[in-house]
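Structure, as structure tokens:
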Amino acid sequence: MDFALTEEQVLMQDSLKSFALNELLPKYAHWDRTGQFPAELWPKLGEMGAFALRVPEEHGGGAYSYLDAGLTIEQIAKGDFNLCYGILNACFCGDILSRFASPALCETWLRPLAAGDIAMCVCLTEPHCGSDAASIRTCAVRDGDDYVITGEKSSVTLLMAGSAAVLFAKTDPDKGARGVSAFLVPLDGPGLSKTRYADMGARGIVRGSLFLDNVRVPATSMIGPENAGFSQVMATFDYTRALIGLMCLGAAEQTLEETVGYVKQRQAFGQPVSKNQGVSFPLAEAKARLEMLRWLCYRTLWLRDAGLPHTAEAAMCKAEGPALCADVIRDCMVLHGHYGYTQDYPVEQRYRDVLGQIIADGTPQIMKMIIARHMLGREFA
């Protein structure tokens with residue numbers, strides 16, 4: 001087994017880390033304080049190829065692997081954790097559109113997505129169902145050459161800044177999960193309204209709820225065959241959960257690096273506080289735990305690239321990754337002393353931001369259910 005990255009991947013990591021620390025980190029707190037969407041950074045990330053990771057070359061993307069996507073999101077998170085939501089959405093939407101949408105739909109939306117000219121949303125969650133995606137109530141009814149969509153979507157990332165959404169709706173409510181279809185819905189049409197959330201973290205990603213009142217979209221906006229949407233989203237979750245693990249890892253890694261520097265220069269009783277085992281041991285434990293998470297996430301994406309099963313591995317990344325990283329960041333906050341609790345350092349913001357990913361894309365309980373089913377068999381779990 002070869003665990004080495006290619007020379008190109010190492011160079012990509014170095015370039016992205018330099019960009020993240022020099023261009024993104026200085027304004028990381030700004031978007032949190034103002035609650036503004038970082039529109040000025042979107043084209044810069046587009047130039048770096050961060051939104052083109054799952055877009056084919058013929059539509060402005062690159063020949064990137066799933067592992068490349070993970071390496072990218074890990075490094076960008078070191079500068080601005082919340083910008084990674086744009087990468088995550090672009091991977092999700094780019095993958096689904098390029099695999100299942102018509103050539104015309106791909107040509108219209110994938111090129112501006114890859115360039116960073118637009119942001120895209122994923123509309124799956126609804127107020128009454130988060131993890132139970134098969135229970136959505138939003139309906140799409142065929143009317144001639146159109147579908148008419150009615151319903152409500154909640155917890156929509158980048159909603160207030162998005163140009164379009166990959167939206168999931170019931171086209172055959174009697175079939176349950178087998179009656180869900182996916183649509184590309186522009187977010188500037190009639191019948192659409194939005195409300196913004198006041199979140200404890202990740203404020204710059206402008207999350208909110210979307211209301212659809214008889215929204216009419218052409219039948220050509222359907223992504224893939226009718227009633228095939230649920231299988232599409234489940235297959236996509238199988239690698240985006242690993243991306244979430246690496247997104248959280250990047251934020252925790254950067255916090256750990258900053259904390260190592262801090263405890264080496266912070267003096268107490270005539271010596272650096274790093275000489276105290278009560279300080280150095282938590283840092284050593286954090287380093288070991290993050291390294292284990294890194295290789296679990298890398299292996300999951302390698303399995304995806306190899307076309308091998310990875311559903312349980314992806315669930316492990318999501319079940320343990322965000323919580324582990326939040327624990328590491330919290331411990332680093334404590335090692336900063338009372339300064340860590342202030343906004344003078346980015347530690348407290350990263351802690352708030354990372355906590356949101358414990359909930360997103362399936363709670364830890366749902367992830368453990370997936371893992372248990374793979375261990376025991378569905379009939380015993």
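Bear in mind that the values in this text are calculations on the coordinates, not laboratory data. Because the structure is predicted, anything quoted here is derived from the model rather than measured. Neighbour counts run over all protein chains shown; Cβ positions are idealised from the backbone, glycine included.
Figures for the structure shown
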read-out: Euclidean distance between Cα centres, segment 302-381 to segment 100-165, Å; value: 25 Å
read-out: Segment residue 174-residue 141, length gained on full extension (0.36 nm per residue, minus Cα span); value: 10.6 nm
read-out: Potential lengthening between residue 107 and residue 363 on full extension [0.36 nm per residue; Cα-Cα distance subtracted]; value: 88.7 nm
read-out: Residue exposure sequence - 200, 1 - by fewest surrounding Cβ within 10 Å; value: 1, 200
read-out: For segment 321-367, diffusion coefficient by Stokes-Einstein and Kirkwood Rh (Cα), 10 °C, 1.306 mPa s, µm²/s; value: 143 µm²/s
read-out: Residues residue 292 and residue 11, FRET efficiency given R0 of 30 Å [Cβ-Cβ distance, rounded to 0.05]; value: 0.75
read-out: Net lengthening on full extension, residue 260/residue 47 (0.36 nm per residue, minus Cα-Cα); value: 73.5 nm
read-out: Evaluated over segment 230-376, the Cα radius of gyration and Dmax, each in Å; value: 17.3, 61
read-out: FRET efficiency for residue 276 and residue 373, using Cβ-Cβ distance with R0 set to 45 Å, rounded to 0.05; value: 0.50
read-out: Listed pairs 287/368; 153/368; 153/194; 78/287 exceeding 20 Å between Cα atoms; value: 287/368; 153/368
read-out: Label assignment, semi-axes √(5λ) of the Cα gyration tensor in Å derived from the structure, set (i) 48, 20, 17; (ii) 29, 26, 21; (iii) 36, 22, 20; value: (iii)
read-out: Segment 9-44 versus segment 175-192: alpha-carbon centroid distance in Å; value: 32 Å
read-out: Around residue 120: net Lys/Arg minus Asp/Glu count, Cβ-Cβ under 12 Å; value: -1
read-out: Length-normalised contact order for segment 7-118 - Cα pairs under 8 Å, 6+ apart - percent; value: 36 percent
read-out: Mean separation of Cα contacts under 8 Å, 6 or more apart, over the residue count of the chain: relative contact order %; value: 16 percent
